[in-house]
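Values in this text are rule-based calculations from the coordinates and carry no lab data. Model, not experiment: these values are computed from the prediction. Glycine gets a Cβ as well: all are built from the backbone with ideal geometry, and neighbour counts include every protein chain shown.
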Amino acid sequence: MQRAERFPGVFLSYRRSDTEGYAGRLFEGLVARFGRERVFFDVARIAPGQNFHTVIDDQLRASGAVVALIGTTWATATDAGGRRRLDDPDDSVRVEIRGALERGIPVIPVLVQGASMPRAEDVPEGLRPLTAINAIELRHTRWDADFAGLVEALETHVTPAPAKRRRRPRWLVPTVVGVALLALVAWLMRVDVPDVVGLPIEAARAVLTATALGIHVTEGDVMAARAALAPRVLEQRPVPGTVTWRGRRVDLTVSKLGVPPSLPPASTDRDAVFAQAVLGTWRARRTVLNAAFLDLQGTYLPGGKASWLGNIVYQWQRTPVILTGTWKVEGGEFHTRVESSSAPQLVPSGYSGVAKIVGITTEEFGYIDPADGKTYVDLRVK
């Protein structure tokens with residue numbers, strides 16, 4: 001009779017006088033693979049006062065296979081009276097193996113100590129089917145490989161123990177997820193406050209809005225170039241470079257709107273006045289222009305030579321630039337041309353620009369840039 005289904009247990013049968021040391025080592029290996037509750041080992045399972053035959057019968061019913069450990073004296077061991085143990089109907093090994101064979105439980109003979117399988121005529125009639133079963137050998141020199149072969153044979157009959165899952169505290173996953181989400185939101189909401197000091201208010205507002213910051217404006221005491229020019233930012237809080245959160249308000253102090261001075265008569269003399277006044281070094285506009293943020297100082301020399309030094313921030317990448325070129329005033333307009341550029345990818349050689357002059361004083365140079373039609377103010381560097 002064969003049992004098609006798999007059962008959870010492994011029954012380990014052995015004779016103490018023959019293979020007790022091997023049985024202990026084999027038991028530990030089987031426990032590591034199938035679990036302690038799935039391996040029956042009489043020393044570990046039969047408590048004092050329990051009926052031996054009852055316990056054996058119950059364990060066999062729950063077993064998927066029996067491992068019969070056979071040493072060199074398995075079939076010849078005798079009792080205190082000199083009688084061969086296998087000839088005793090109550091011999092524990094005989095009871096275990098006969099019960100397994102009668103129930104159709106697979107029996108796997110395991111040979112140790114160089115033992116051979118007993119012959120049919122050397123065992124009682126009820127055990128003779130055992131002698132026809134292919135055995136597995138366990139050797140000290142190849143224990144790991146031989147044991148792996150035994151486990152592979154057992155797994156076709158015995159249900160492996162389920163893998164133990166490490167239980168996490170119920171609060172752990174929600175807490176970790178919550179902290180991660182808060183960190184992600186904080187990272188997404190952080191922003192560095194840009195520097196808008198010196199920008200016209202329209203440009204400053206555009207920069208701060210693009211950075212997802214709010215804006216609050218108050219007037220200072222300085223007139224805007226003493227002309228009808230856009231007020232510029234004199235001071236900001238928080239200061240540039242401060243790390244803050246999106247949506248925070250930036251407080252700006254801007255110059256008051258002034259009264260435009262009267263310009264010289266429309267004549268060549270006006271161009272000469274402008275050309276004389278523009279000589280020197282100016283802190284050029286710092287504003288968003290064609291997606292770039294300019295922070296330059298321009299030096300204008302007699303004879304129409306010019307140089308510019310500073311930085312251009314394009315797509316929030318700062319690039320130092322050194323430019324040389326020419327300048328002239330003609331018809332109330334300021335003409336510049338770049339002859340050499342250290343950053344041609346941003347300002348190519350040959351670039352030219354024309355700005356309409358609004359007014360020039362000893363401290364401020366106001367002009368309208370045709371690129372965006374806005375009025376800008378440069379400050380003279382002292």
*FRET E, pair residue 319, residue 217, Förster distance 30 Å, beta-carbon r, rounded to 0.05*: 0.50
*Determine the distance separating the Cα centre of the range 25-40 from the Cα centre of the range 348-382; give it in Å without decimals.*
89 Å
_Only four residue types carry charge here, +1 at the Cβ of Lys and Arg and -1 at the Cβ of Asp and Glu. Report the dipole size of the chain about the Cα centre in Debye, rounded to the nearest 20._
780 debye
*Using the Kirkwood formula over every pair of different C-alpha atoms, what hydrodynamic radius in Å results for the range 268-380?*
14.2 Å
*asked:* Just want the ordering: 375, 299, from fewest to most Cβ atoms lying within 10 Å of their own Cβ.
replied: 299, 375
*What is the range 13-53 by shape, rounded, prolate or oblate, if you read a ≥ b ≥ c off the alpha carbon gyration tensor as root eigenvalues and call it rounded for a/c under 1.5, prolate for a/b larger than b/c, and oblate otherwise?*
oblate
*Dividing the convex hull volume of the Cα atoms of the range 9-154 by its residue count, what figure in Å³ per residue is obtained?*
110 Å³
_Can you tell me what share of the DSSP beta bridges in the range 9-154 is antiparallel? A percent to the nearest 5 is fine._
5 percent
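Over all distinct Cα pairs, what is the inverse of the mean 1/r for the chain, reported as the Kirkwood hydrodynamic radius in Å?
Radius from the Kirkwood sum: 29.6 Å.
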